[in-house]
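Note sheet for the following structure.
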Amino acid sequence: MSDKGEFESLYFYGMSINNTYLWVIFALGFPGNLVCLTTLVKMKSTSAPMLYMGLLAIVDNLSICQKLLYHQLSYRKVEMGPAACKTLNFFTLVFATYANWLIVFMAAERSEAIINYFRTKSTRRRILVHSILLGITVLAIYLHLFWMFTDVDGIHCGIYQRYVPFYVGVWYWICASVYNLAPCFLLVIIDVLMSYRFRKISAVIADGCQNHCGHRVTGSQRSLGQETSAMVLAVAVAFVVMTLPRCVYIILESHWSVETTTLSHAQKHLINQITFVLSDARHAVNFYLYFFTGKIFRSSVICALAWKRKPDNAALMLTTVTPCTGKGSDL
């Protein structure tokens, strides 16, 4: 096959991925996040990780819908105008960035709980304050997009010419750091810490938890703490695995110069689309990670969907939560 033929083939694959992958993410992620939220509401849990999970499910769905809306408007060549371009770019970045940092906050809370053998309790007030402050910070970081973005030809969005030097030289790296690089870097550190401490505390609990856990934490609470920590750890590790390729691409992209319509251009385009798929798919996988790593959560999902009417006895032995009707602990 000639270089021209390979270019057309690779570029076609890249465009096909770009035009379809968000629909796949929507089909898997939107109902999954809804089931997750419904399950958490029915569990009536006030624990810190469960509250973070519920908020994350809401923001993930907002991010999926926002990205799909923006893509479809562009794909169908709908005239958006300056106001729509500003608003769509703003909320696309806000929702995705907020979701990424919620995972960091959730993992940090679980890491603190593991270090303190589940004796540390994060109150709802504390979580609410942290979530609001995070939201205000993210909104403030992206607020200037209302001055930078406009429509180029009535259909496509772009930035004003006078802001191009700032966008290319400064904002590109600020946005990349806030959106992907910093959360990924922090979660690598937290993942290593959580994994080490999780193995250690599991050994301590298996040994009877005589010298570490104290009297304020019951066995059922420790079991629930272990399970929720395993669920959060799975989400944090998945985030790193799915985001790291995008981070590497962002760092290398500015040094990877290619000529238009060349084979290298098609290869770069295809790699760009693949890293986008992995990065965006993180909004769709959390429910499935919870389901397969959390026995209590899985039992609660089954109850929430009315697949069986009574809670699993084994799950009840592990926790103070009655999956179908009970109230969760505050771990």
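Each residue in the stretch 66-104 was checked for being under 30 Å from residue 227 (Cβ atoms) and either surrounded by fewer than 17 Cβ atoms within 10 Å (Cβ to Cβ) or touching a Cys at 6+ places or on another chain (Cβ under 7 Å) (or both), and 0 of them qualify.
Somewhere in the stretch 305-313, is a residue at pLDDT 85 or above and of a type outside the set (Ser, Thr, Tyr)? No, the stretch 305-313 contains no residue that is at pLDDT 85 or above and of a type outside the set (Ser, Thr, Tyr). When each of 155, 141, 136, 114 is tested for being of a type outside the set (Lys, Arg) and closer than 23 Å to residue 227 by Cβ, the lone residue that passes is 114. Within the stretch 253-269, being within 20 Å of residue 17 (Cβ to Cβ) and out of contact with any Ser or Thr (no Cβ under 6 Å at 6 or more places or on another chain) holds for 253, 256, 260, 261, 262, 263, 264, 265, 266, 267, 268, 269.
If we scan the stretch 278-295, do we find a residue that is among the charged types (D, E, K, R), closer than 23 Å to residue 108 by Cβ and modelled with pLDDT under 85? Before you say what the answer is, go through the steps one by one.
Taking the stretch 278-295 and keeping what is among the charged types (D, E, K, R), we get 280, 282, 295.
Now restrict to residues that are closer than 23 Å to residue 108 by Cβ: 282.
Keeping just the survivors that are modelled with pLDDT under 85 gives none.
No.
Per the listing 77, 86, the residue uniquely at positive phi and either assigned to a helix (DSSP H, G or I) or not aromatic (Phe, Trp, Tyr) (or both) is 77. Of everything in the stretch 72-126 that is farther than 21 Å from residue 48 by Cβ and of a type in the set (Gly, Ala, Ser), the residue that is modelled with the highest pLDDT is 96.
One line per residue, one yes/no per condition, for (1) over 22 Å from residue 182 (Cα atoms); (2) modelled with pLDDT under 60; (3) out of contact with any Cys (no Cβ under 7 Å at 6 or more places or on another chain):
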{"site": "200", "(1), (2), (3)": "yes, no, yes"}
{"site": "211", "(1), (2), (3)": "yes, yes, yes"}
{"site": "221", "(1), (2), (3)": "yes, yes, yes"}
{"site": "232", "(1), (2), (3)": "no, no, yes"}
{"site": "240", "(1), (2), (3)": "no, no, no"}
{"site": "247", "(1), (2), (3)": "no, no, no"}
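Just one residue in the set 28, 55, 10, 69 is without any contact (Cβ under 8 Å) to a residue 40 or more places away in the chain and of a type in the set (A, V, I, L, M); that residue is 69. Of all the listed residues (107, 84), the sole one being out of contact with any Leu (no Cβ under 7 Å at 6 or more places or on another chain) and touching a residue at least 12 places away in the same chain (Cβ under 8 Å) is 84. Each residue in the stretch 283-304 was checked for being among the charged types (D, E, K, R) and in contact (Cβ under 8 Å) with a residue 60 or more places away in the chain, and 1 of them qualify.
The values are calculated or read from the model by the stated rules, or taken from the named source; none is laboratory data. If you're wondering where the values come from, they're calculated on a predicted model, not measured in any experiment. Quick reminder, even Gly has a Cβ in these numbers, built from the backbone with ideal geometry, and neighbours come from all protein chains shown.
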